[in-house]
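Have a look at the structure below, then the notes.
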Amino acid sequence: MLYPQKLSSKKTNILLKVMLAISLVIAGILVLINKLTSPGVHWAALSNAGIIYIWITVIYSLNKNINIAAHVMIQTIAISILTVFIDYRIGFSGWSLELSIPIILIIANITMFILTIVSHRKYIRYAIYQLIICIFSLLPPYFIYKHMVSNVVLCYVAIGISILNFLITIILCAKDVKEAIIRKFHI
């Protein structure tokens, strides 16, 4: 039985550089087409933001010591920024704050909850990332407080899921977290 050849790291680096060059050429062509066809509408910025987002994902995913929780956190932050940027570029109607970010936070919290259930013994590896996602989940209350959203239902759902997720993981993993703290700090 034949197995596929594994790419060497040198070939992988060359491939990445070629793909990056192609992405830069495509980004430049998009800007040129945008300037020539519809200079009043900056749609190329949206496309280029998508290209940048893809490269952030690719570069982070190629990291050899990837932690799934860290990947969830990076994706949560990156896609939230991308959606706000897209909303801003098309006239800022607020859908990114009212719909997009709460949905992203709900999905991130559910993902972190599943990671906790599946590998609760390794929860200590995910704890800092879950805490960052919980802190990031404070954005919907801020949006509500500053009257930046008109429909607050999804924001409240995101807040509730975040709090519930954090409490459940603390309850499920309290013993493991306590043991890890004792072991790390020699208490």
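The values are calculated or read from the model by the stated rules, or taken from the named source; none is laboratory data. Keep in mind the model is a prediction, meaning the values are calculated, not measured. As a convention, Cβ positions derive from the backbone with ideal geometry for all residues, glycine included, and neighbour counts pool all protein chains shown. Side chains included, ligands, DNA and RNA excluded: accessible areas come from the protein's heavy atoms. Shrake-Rupley method; radii C 1.70, N 1.55, O 1.52, S 1.80 Å.
Structural remarks
- Close Cβ contacts (under 6 Å, 6 or more residues apart or on different chains) running from residues in region 72-84 that are in contact (Cβ under 8 Å) with a residue 60 or more places away in the chain to residues that are open to solvent by 30 Å² or more (accessible area, probe 1.4 Å) and in a helix (DSSP H, G or I) comprise 72/111; 73/129; 73/132.
- Residue check for residue 110: without any contact (Cβ under 8 Å) to a residue 60 or more places away in the chain, of a type outside the set (S, T, N, Q), out of contact with any Ser or Thr (no Cβ under 6 Å at 6 or more places or on another chain) and part of a helix (DSSP H, G or I): yes
- Residues of region 69-99 that turn out to be farther than 15 Å from residue 50 by Cα, open to solvent by less than 80 Å² (accessible area, probe 1.4 Å) and among the small types (Gly, Ala, Ser), as a count: 5
- Residue within region 135-144 that is open to solvent by 70 Å² or more (accessible area, probe 1.4 Å), among the small types (Gly, Ala, Ser) and either closer than 30 Å to residue 45 by Cβ or over 19 Å from the mean Cα position of the chain (by Cα) (or both) present: no
- Options 168, 159, 106; residue that is open to solvent by 50 Å² or more (accessible area, probe 1.4 Å) and over 27 Å from residue 42 (Cβ atoms): 168
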